[in-house]
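Below you'll find the structure, written out as structure tokens, and then a few comments.
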Amino acid sequence: RKEVEQDPGPFNVPEGATVAFNCTYSNSASQSFFWYRQDCRKEPKLLMSVYSSGNEDGRFTAQLNRASQYISLLIRDSKLSDSATYLCVVKMTTDSWGKLQFGAGTQVVVTP
Amino acid sequence: DVKVTQSSRYLVKRTGEKVFLECVQDMDHENMFWYRQDPGLGLRLIYFSYDVKMKEKGDIPEGYSVSREKKERFSLILESASTNQTSMYLCASSLDRFNTGELFFGEGSRLTVL
């Protein structure tokens, strides 16, 4: 079983709509969580960290559910420029050298 | 802006060749990493370094070695390339050992081994 699992998609979303997707992690000792964005043929870039209380950054909302061991990302009012692959990243321990585990990504395609 | 530069965007090598992938960062980051990215598998850590001349194995170090002689430069070496090392290789850096969640990636080096 993979340590971080994501639905690969694609999630086809009309412009202006809302899309949400989850990421599950297997290690209950995981401490830190992040969403990265990767555009086609580009490098991954940090989108946002995920805090225990949930957090928003503009149209993006991230949630953490420790009991069920998943994090989620919701995109409101989708823009064409939101089309990308979203990578879920989990830091496995509290050790500062805790390894980052990357999911394989969820592809989002926003259509006009 | 942090800049992580990988020397080669595309390489084609033959089985058995020695391959060098170079990575340079310009923000005085302590940590540097090499990942490979394959469809359906996500990014997998090959090696990382938290200081000059220091290196640690990641999840998939077999068939690879690294070198960090200067703080800004981290090299990945494939001693004898094999076809299963055909992949996208991504170099990354992060500020220090207390800030390992935000990685800054280079644009990647796509290696094809024939």
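Numerical summary
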| quantity | calculated |
| --- | --- |
| Scan of the range B:32-41 for residues that are surrounded by fewer than 22 Cβ atoms within 10 Å (Cβ to Cβ) and assigned to a strand (DSSP E or B), ordered by number | B:Asp38 |
| Filter result (among the polar types (S, T, N, Q) and assigned to a loop (DSSP other than H, G, I, E, B)) within the range B:1-31 | B:Ser7, B:Ser8, B:Thr15 |
| Residues within the range B:32-44 that are more than 13 Å from the chain's Cα centre (by Cα) and touching a residue at least 40 places away in the same chain (Cβ under 8 Å), tallied | 1 |
| Which listed residue, of B:Ser7, B:Ser49, is hydroxyl-bearing (Ser, Thr, Tyr), modelled with pLDDT under 95 and crowded, with 16+ Cβ neighbours inside 10 Å | B:Ser49 |
| Selection count, the range B:10-31, where residues are touching a residue at least 60 places away in the same chain (Cβ under 8 Å), under 12 Å from B:Leu76 (Cβ atoms) and either open to solvent by less than 80 Å² (accessible area, probe 1.4 Å) or within 12 Å of another protein chain (Cβ to nearest Cβ) (or both) | 4 |
| Which numbered condition A:Leu80 fails, given (1) aliphatic (A, V, I, L, M); (2) in contact with a strand residue (DSSP E or B) (Cβ under 8 Å, 6 or more places away or on another chain); (3) at pLDDT below 95 | (3) |
| Of all residues making up the range A:47-58, the number that are part of a loop (DSSP other than H, G, I, E, B) and farther than 16 Å from A:Asp77 by Cβ | 4 |
| Some residue of the range A:34-46 being over 21 Å from B:Pro39 (Cβ atoms), among the aliphatic types (A, V, I, L, M) and part of a strand (DSSP E or B) | yes |
| Top-ranked residue of the range A:13-33 - restricted to ones that are open to solvent by less than 60 Å² (accessible area, probe 1.4 Å) and outside any strand (DSSP E or B), ranked as nearest to B:Gln6 (Cα to Cα) | A:Ser30 |
| Matching residues, the range A:42-74, being among the basic types (Lys, Arg), farther than 20 Å from A:Asp7 by Cα and at pLDDT below 95 | A:Lys42 |
| Residue among B:Val19, B:Val4 that is over 28 Å from A:Met48 (Cα atoms), of a type in the set (Val, Ile, Thr) and under 14 Å from the mean Cα position of the chain (by Cα) | B:Val19 |
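The values are calculated or read from the model by the stated rules, or taken from the named source; none is laboratory data. Every value quoted in this text rests on a predicted model; they were computed, and no experiment measured them. Backbone-built Cβ (ideal geometry, glycine too); neighbour counts: all protein chains shown. In case anyone asks, the SASA skips ligands and DNA or RNA and just uses the protein heavy atoms, side chains included. Shrake-Rupley method; radii C 1.70, N 1.55, O 1.52, S 1.80 Å.
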